[in-house]
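Take a look at the structure below.
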C-alpha cells in the first residue's frame, strides 16, 4: 500500500500513516536508520497486531525522500 506519514517522532522511532485510499491512521514503529518526515510518501503493509488486534503498518519504506525541515 502507499500512504503518507501524518505524524512521526524520530527520537522514539514511531509514527502514524494514512493510506492514499483513506481510512484510519495506522501506527508504525521502526529501528531502521531511514529518516521519515511528516507528509512523506511511504510504501507499507497493513497487518493486525497480535497483541491487541488493531491494524498497524509494517515494512514501512520511503517512496519519496524526507521533507527538509
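Rule-based calculations on the coordinates, nothing more; no lab input. Keep in mind that this is a model prediction, so the values were computed, not measured. All Cβ positions, even for glycine, are placed from backbone atoms using ideal geometry, and neighbour counts span all protein chains on display.
Taking every alpha-carbon pair under 8 Å whose residues sit at least 6 apart, the chain reaches a relative contact order of 30 percent.
Neighbour counts of other C-beta atoms within 10 Å: give me 31, 45 arranged from fewest to most.
Numbers: 31 5, 45 11.
The fewest-first ordering by Cβ neighbours comes to 31, 45.
Straightening the chain between residue 54 and residue 4 buys 16.1 nm, computed as 0.36 nm per residue apart minus the Cα-Cα spacing. For the pair residue 43 and residue 19 in one chain, pulling the backbone fully straight at 0.36 nm per residue adds 7.7 nm over the alpha carbon distance. Dimensions of segment 2-62 along the principal axes, based on C-alpha atoms and rounded to the nearest Å, stand at 27, 25, 16, largest first.
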